[in-house]
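Take a look at the structure below.
The values are calculated or read from the model by the stated rules, or taken from the named source; none is laboratory data. These figures come from a predicted structure and were not determined experimentally. Here the Cβ positions follow ideal geometry from the backbone for every residue, glycine too, while neighbour counts run over all protein chains shown.
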Amino acid sequence: MIKQYGFEKYFDCLLKIIPVNAAVLAAMTVYRIFFFFHFSGSQSFNGLYFDVLKAFWLGLRFDLSVLAYVNSIVILILTILLFFKSYKAFKAAAFALRFYYWFAFTLIAFLNFVDMGFYTYFNEHLNILLFDFFTDDTAALIKTIAKDYRFLTALISLIIISFVIYKLSSFTYKIMTSKHCIIDTDFWRAAFKAAIVLTVAFLTFLFARGTVSMFPLGTFYTQISSNSFINKTAISSLHSFFDAISAKMEASGDKINIASKLGAPQEDVNPSMFNKISQENKAAQEIKPNVVFIIMESFGELPVLYNSQTFDVLGELKTHFEQDTVLYNFLAAGRITIHAIESTVLNMPQRPFAMQITQTPKAFHHFSSAFAAVYKKAGYATKAVYGGSLNWRGIENFLKAQGFDETYGEGSIKNEYRHEWGINDAQFFEIVLRELKNGGDKPKLIYALSTGTHPPYYTPPYNKPLPLEIPKDVKQMMPEEKYPEKIFESYQFANRQAAKFLDEIKKSEFSKNTIVVITGDHNLREIYAQTPEELFKRYAVPLYIYMPESLKKDFDLQTAGSHTDIAPTLYDLSLSSVNYVSAGTSLLNNDKPNIAFNSEGFILSQDKAVSFNINTGETLYFDFNDETKMLKYCPQTLQHVQMLEYYKKTLSAADAYLKQTAKGEQ
């Protein structure tokens with residue numbers, strides 16, 4: 001019977017912590033299996049079954065790494081206690097380890113739940129966007145999450161899992177503190193015992209590291225298949241979480257050199273490439289048209305592609321789409337609203353790893369690329385309208401610093417039938433029309449962002465939706481949604497309000513002197529493309545343009561574009577020979593094919609596309625079908641190489657420009 005703590009008890013404890021760790025490892029494996037079948041949807045893995053097995057083997061290594069990190073503290077404590085030999089100290093330590101295991105393993109379970117929710121929303125594991133929860137409207141987000149039908153199930157499941165973990169931890173404590181050891185080690189030699197201690201420490205380090213290669217186990221090692229979902233299956237939520245923390249820490253200081261990260265030549269980092277001049281436009285010079293630039297919440301392109309009489313998501317907006325110009329090969333700047341705001345206001349792309357500018361002191365700096373300042377210099381009254389609170393992410397200060405004289409939020413109108421994120425779309429367009437009609441001799445630039453099509457997808461009680469029989473293909477793209485009808489009712493309601501706004505424009509005097517542009521901030525995230533061939537559909541938003549007859553110009557409807565291209569296009573349509581700074585290109589420039597890209601490294605031009613992973617360097621090449629909006633794997637071509645070079649060059653120059661401007665080096 002043990003009377004003091006020594007090697008025999010140390011070795012006995014190592015054996016007795018195996019059951020709880022084995023149980024947790026089994027649970028983590030079950031979670032990975034569930035994750036795979038839950039999110040794989042209708043994907044076919046023909047010819048990739050070996051890759052799937054590799055993903056699960058790699059996933060097991062990730063899970064063992066997590067357990068090694070958790071147990072490293074336990075083993076360190078058990079080892080240190082060897083120097084004191086106090087059984088009383090051991091019992092105190094074992095009591096603390098009981099709650100340590102409970103906390104650590106519950107935290108892992110919690111992160112798995114968070115990761116699953118995050119993946120449901122973004123189709124990605126935890127990343128730096130996680131921290132937007134704390135910089136966004138956190139209270140509204142909490143209410144939104146709490147109203148989700150899955151929240152209660154997840155909460156109850158987590159409580160049950162935590163209770164089971166507590167019981168396992170208590171059992172482990174009980175058997176650890178038993179004075180009877182499994183194996184008698186008294187006859188073992190001292191040198192052998194020392195070797196055991198050192199070997200355990202080394203194996204713990206090795207399992208935590210996950211590999212004997214140069215770099216420890218991480219996302220770099222997950223590129224095991226041509227199928228991105230298989231690659232995503234391997235990584236653990238804990239590794240994703242710490243990667244997100246690391247990215248946040250790097251981004252917080254804005255210390256990352258994007259050019260170096262991309263492997264772009266330093267000589268290509270030249271912000272002067274953004275200095276441009278708009279086309280001469282005598283008609284615009286004479287008319288001085290109003291410009292209304294509207295970004296609608298979640299106005300993704302994918303539902304539009306399925307619009308029909310029985311799935312009437314466009315409503316009356318369809319008439320305007322048929323009458324006017326609509327570009328469908330168009331990308332949102334990123335995956336969240338603030339990406340769209342910063343990219344369209346500043347005419348600069350979203351930089352990987354960088355904090356949102358509105359969340360930093362840079363929000364108070366004026367950037368020469370800001371498009372409102374261009375119009376202000378041209379004699380325009382500049383106004384910004386937001387359908388929610390102007391305190392959200394501090395956008396009021398940001399908008400004013402970038403040249404908007406007046407800003408209007410939800411407080412600017414009676415909050416009738418308000419939803420979690422602000423006023424409904426009927427009231428939003430009422431503000432926009434009101435500010436357009438407000439007097440003054442100056443032409444007006446109105447930049448407006450709605451908030452209506454957002455979880456929990458509320459529509460006013462007076463709304464009478466048109467037919468919305470959701471196509472089978474669309475349902476398959478949203479397997480997580482229990483009430484998809486609410487989503488499309490909200491989406492349809494917003495589009496019908498946009499149509500009413502355009503009706504008002506076209507039947508009034510504004511039809512002759514007002515340009516209207518409408519696009520989405522990002523896709524409708526609840527429906528997402530599940531395969532690499534559908535990547536474009538994941539990111540696409542339509543770009544609608546209304547032009548008075550006297551200002552009409554022809555567009556190549558197959559041209560590729562993104563948010564940073566909108567302002568340069570508006571300069572060509574509404575101004576004449578003005579100097580401006582922009583990473584984007586006017587969509588009226590038909591001299592050469594336009595290259596568009598977004599924050600996630602998806603690059604599009606004409607009939608080609610590239611997917612570039614800035615973390616791993618993984619590059620996929622595609623042909624793009626303009627009719628089906630689908631991608632098809634293909635070998636690398638010269639055009640692909642040029643697209644990737646342009647992406648790296650532009651992103652590197654934008655990074656240098658934004659850093660220089662923040663330091664006052666314009």
Handout entry: Verdict on residue 20 being buried (at least 17 other Cβ atoms within 10 Å of the Cβ), under 29 Å from residue 113 (Cα atoms), assigned by TED's automatic domain parsing to the domain that holds residue 225 and modelled with pLDDT of 90 or more
Key = yes
Problem - Residues being more than 30 Å from residue 18 (Cα to Cα), touching a helix residue (DSSP H, G or I) at 6+ places or on another chain (Cβ under 7 Å) and aromatic (Phe, Trp, Tyr) - total across the stretch 129-176 - result: 3
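Let's see how each residue does on (1) out of contact with any strand residue (DSSP E or B) (no Cβ under 8 Å at 6 or more places or on another chain); (2) closer than 22 Å to residue 500 by Cα; (3) charged (D, E, K, R); (4) assigned by TED's automatic domain parsing to the domain that holds residue 526:
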residue: 300; (1), (2), (3), (4): no, yes, no, yes
residue: 305; (1), (2), (3), (4): yes, yes, no, yes
residue: 313; (1), (2), (3), (4): no, yes, no, yes
residue: 325; (1), (2), (3), (4): no, yes, no, yes
residue: 331; (1), (2), (3), (4): no, no, no, yes
residue: 334; (1), (2), (3), (4): yes, no, no, yes
residue: 340; (1), (2), (3), (4): no, no, no, yes
residue: 346; (1), (2), (3), (4): yes, no, no, yes
Problem - Pick from the stretch 309-360, criterion among the hydroxyl-bearing types (Ser, Thr, Tyr) and modelled with pLDDT of 95 or more, ranking: surrounded by the fewest Cβ atoms within 10 Å (Cβ to Cβ) - result: 310
Exercise for the section: Identify all residues within the stretch 55-79 that are crowded, with 19+ Cβ neighbours inside 10 Å and hydroxyl-bearing (Ser, Thr, Tyr); write none if there are none. Expected result: 65
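Yes or no, residue by residue, for (1) touching a residue at least 24 places away in the same chain (Cβ under 8 Å); (2) among the aromatic types (Phe, Trp, Tyr); (3) not in a helix (DSSP H, G or I):
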{"site": "31", "(1), (2), (3)": "yes, yes, no"}
{"site": "37", "(1), (2), (3)": "no, yes, no"}
{"site": "47", "(1), (2), (3)": "no, no, yes"}
{"site": "53", "(1), (2), (3)": "no, no, no"}
{"site": "57", "(1), (2), (3)": "no, yes, no"}
{"site": "65", "(1), (2), (3)": "yes, no, no"}
{"site": "73", "(1), (2), (3)": "yes, no, no"}
Exercise for the section: Would you please list the contacts, defined by Cβ atoms under 8 Å and residues six or more apart or on different chains, that run from a residue in the stretch 354-369 that is assigned by TED's automatic domain parsing to the domain that holds residue 274 and at positive phi to a residue that is modelled with pLDDT under 85 and of a type in the set (A, V, I, L, M)? Expected result: none
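Kindly establish whether residue 545 is in contact with a Ser or Thr (Cβ under 7 Å, 6 or more places away or on another chain) and in the same structural domain as residue 419 (by TED's automatic domain parsing). If you could, list the steps in order and put the result at the bottom.
On the way: in contact with a Ser or Thr (Cβ under 7 Å, 6 or more places away or on another chain): yes; in the same structural domain as residue 419 (by TED's automatic domain parsing): yes.
When the stated conditions are applied, residue 545 passes them.
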Completion exercise
Of 354, 363, 372, the only residue that is in a loop (DSSP other than H, G, I, E, B) and over 13 Å from residue 449 (Cβ atoms) is 354
Handout entry: Among the residues listed as 244, 251, 259, 283, the single one being at pLDDT below 95, touching a helix residue (DSSP H, G or I) at 6+ places or on another chain (Cβ under 7 Å), over 21 Å from residue 653 (Cα atoms) and surrounded by fewer than 21 Cβ atoms within 10 Å (Cβ to Cβ)
Key = 244
Handout entry: Condition broken by residue 144, with the remaining ones in (1) closer than 30 Å to residue 217 by Cβ; (2) surrounded by 15 or more Cβ atoms within 10 Å (Cβ to Cβ); (3) β-branched (Val, Ile, Thr) satisfied
Key = (1)
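With respect to residue 540, is the statement that it is of a type in the set (Gly, Ala, Ser), out of contact with any helix residue (DSSP H, G or I) (no Cβ under 8 Å at 6 or more places or on another chain), touching a residue at least 60 places away in the same chain (Cβ under 8 Å) and buried (at least 21 other Cβ atoms within 10 Å of the Cβ) true?
No.
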Completion exercise
All conditions in (1) under 21 Å from residue 237 (Cβ atoms); (2) hydrophobic (A, V, I, L, M, F, W, C); (3) assigned to a helix (DSSP H, G or I) are true of residue 126 except (3)
Problem - Every residue from the stretch 455-497 that is within 13 Å of residue 424 (Cα to Cα), over 26 Å from the mean Cα position of the chain (by Cα) and not in a helix (DSSP H, G or I) - result: 460, 461, 462, 463
Exercise for the section: For the stretch 384-400, state whether one or more residues are at pLDDT 95 or above, in a loop (DSSP other than H, G, I, E, B) and in contact with a helix residue (DSSP H, G or I) (Cβ under 9 Å, 6 or more places away or on another chain). Expected result: no
Practice task
For residues that are within 18 Å of residue 6 (Cβ to Cβ), part of a helix (DSSP H, G or I) and of a type in the set (A, V, I, L, M, F, W, C), tally how many sit in the stretch 176-224.
Solution key: 11
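Can you tell me which residue in the stretch 452-471 is surrounded by the fewest Cβ atoms within 10 Å (Cβ to Cβ), limited to those that are under 23 Å from residue 150 (Cβ atoms) and not aliphatic (A, V, I, L, M)? Spell out how you get there, then give the answer.
We begin by selecting, within the stretch 452-471, every residue under 23 Å from residue 150 (Cβ atoms); these are 452-459, 468, 470.
Going one step further and asking which of them are not aliphatic (A, V, I, L, M), we end up with 452-459.
On the way: 452: 29, 453: 28, 454: 23, 455: 22, 456: 17, 457: 23, 458: 21, 459: 22.
Per the stated criteria, the residue is 456.
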Exercise for the section: Evaluate the stretch 34-54: report whether one residue or more is at pLDDT below 95, of a type in the set (A, V, I, L, M) and surrounded by 15 or more Cβ atoms within 10 Å (Cβ to Cβ). Expected result: yes
Exercise for the section: Please work out if residue 346 is among the aliphatic types (A, V, I, L, M) and over 20 Å from residue 403 (Cβ atoms). Expected result: no
Practice task
Sort out which residues of the stretch 490-536 are surrounded by 24 or more Cβ atoms within 10 Å (Cβ to Cβ) and among the small types (Gly, Ala, Ser), and write them in order of number.
Solution key: 490, 494, 498, 520
Exercise for the section: May I ask you to say which residue of 90, 95, 134, 84 is assigned by TED's automatic domain parsing to the domain that holds residue 31, more than 22 Å from residue 526 (Cα to Cα) and at pLDDT below 90? Expected result: 84
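Quick one: which residue in 456, 479 is touching a Lys or Arg at 6+ places or on another chain (Cβ under 9 Å), modelled with pLDDT under 90 and farther than 29 Å from residue 582 by Cβ?
Numbers: 479 fails: touching a Lys or Arg at 6+ places or on another chain (Cβ under 9 Å).
Criteria check complete, one pass: 456.
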Problem - Test: residue 622 is over 21 Å from the mean Cα position of the chain (by Cα) and outside the structural domain of residue 538 (by TED's automatic domain parsing) - result: yes
Handout entry: Residue ID - farthest from residue 520 (Cα to Cα), chosen from residues in the stretch 562-581 that are crowded, with 24+ Cβ neighbours inside 10 Å and among the small types (Gly, Ala, Ser)
Key = 574
Exercise for the section: Kindly indicate whether any position in the stretch 141-161 is farther than 30 Å from residue 41 by Cα and part of a helix (DSSP H, G or I). Expected result: no
Handout entry: In the stretch 594-616, the residues that are out of contact with any Ser or Thr (no Cβ under 6 Å at 6 or more places or on another chain), outside any loop (DSSP other than H, G, I, E, B) and under 18 Å from residue 264 (Cα atoms)
Key = 597, 603, 610, 611
